[in-house]
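All remarks here apply to the structure that follows.
Read the figures in this text as sums done on the coordinates, not as results from a lab. Predicted model only: the values in this text are computed from it and were never measured. Here the Cβ positions follow ideal geometry from the backbone for every residue, glycine too, while neighbour counts run over all protein chains shown.
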Amino acid sequence: MKFLHEFIAAYTFQQIIDLEEKDEQFLALKRARYAVSSEFGDVYLTRQVFLYLVIQNALVSYQIAGSWPLWWAEFANLVEKDFVLLLEYGAHNQKWRESVLKKSRYNCRLYNMKLSRIEKFIQNWNFFDRDMRFFYDFMGDFHFELLTVMKQPFDAKTVVFAVKMFGYAARIVFGDFVAFPSTIPIPLDSRLIQIYQFLEQNKATKKEIIAYFQAFSEKFAVPPLHLDSLLWLEYRKIYFSALKFDKKNNSDTMMMQTKTKNQKNKN
């Protein structure tokens, strides 16, 4: 715990935001947004459709066959290529989404399950009726509405992640910064579970691990979704390096113990 405490303390909140805006996922969204906004005149419509597509995509961003940045780069490329069709036929165009998932290099797993999630979202959340600026200013309300639509528990990872990617995209679209609310929990995935187990050397329930990171969030006044960015973009480099070193040490220790045991048996 002490090591993680010192690591977080070394960053200001602004430095974390600067890291987020160098995140490859953020940059992929930025590239796609500028490409479509420069081609079409209806600012409101392009903004609504773009944000709607980002939310859809985030809701099915799990079980990825590749890195997250590669998947979001693939999504950004498809949005750039097909945006005129989406404006003409609607961002809820089912055939387009089916094609994206079927042909995706990185997100073709669990096709039927993911398509079902998107159908549920589309049927219950019409982007023409939603004030995206309001949801950006009040992302806690957006989180609650997504939970209701998707019928998910408060800490559902994909819903929380959808709020994060919406926040990224809205930051780009509206050109200003709104912090994620401190009430939205960290999106707990296998990476964070591994970090927790590596640091604390024990197992815990998901709720206990979420509470563990929430405590750090409150101590340093860094909302959980921004803390997630720091852990994802910076701490994981140190963690995986340390884990590799720890495994090597454990392996060397086991080899020494085996040699010593064999020598004793010979004697």
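A viscosity of 1.002 mPa s and a temperature of 20 °C, combined with the Kirkwood radius over Cα pairs in Stokes-Einstein, give a translational diffusion coefficient for region 134-181 of 198 µm²/s.
Report the calculated FRET efficiency for Arg31 and Asp155 (r = Cβ-Cβ distance, R0 = 25 Å), to the nearest 0.05. With R0 = 25 Å, the Cβ-Cβ based efficiency is 0.20. Placing pseudo-labels 7 Å out from each Cα toward the beta carbon at Gln123 and Thr148 gives an inter-label distance of 1.8 nm. Straightening the chain between Leu45 and Ala221 buys 59.8 nm, computed as 0.36 nm per residue apart minus the Cα-Cα spacing. Take the Cα of Ser99, step 7 Å toward its Cβ, do the same at Arg191, and the gap between the two points is 3.1 nm.
Can you compute the FRET efficiency between Arg133 and Gln214 using 1/(1 + (r/R0)^6), with r the Cβ-Cβ distance and R0 = 25 Å? Round to the nearest 0.05.
Working: r = 28 Å, r/R0 = 1.13.
Working from the Cβ atoms, E equals 0.35.
In order along region 200-207, phi translates into HN-Hα couplings of 9, 6, 7, 9, 8, 6, 4, 5 Hz, rounded to whole numbers, per the Karplus curve 6.51 cos²θ - 1.76 cosθ + 1.60 with θ = phi - 60° and x for Gly and Pro. Value of Rg to Rh for region 110-200, rounded to two decimals, is 1.01; Kirkwood radius and Rg both from alpha-carbon coordinates. Listed cross-link partners Lys22/Lys95; Lys114/Lys207; Lys157/Lys237; Lys22/Lys206; Lys81/Lys102; Lys81/Lys164 are compared with a 27 Å cut-off, the Cα-Cα value being larger for Lys22/Lys95; Lys22/Lys206. Inter-label distance, Ala9 to Asn77: 4.5 nm, where each label sits 7 Å from its Cα along the C-beta direction. Which translational diffusion coefficient, to the nearest whole µm²/s, is obtained for region 147-207 from the Stokes-Einstein equation, given a Kirkwood hydrodynamic radius over C-alpha pairs, 10 °C and 1.306 mPa s? Estimated diffusion coefficient is 118 µm²/s.
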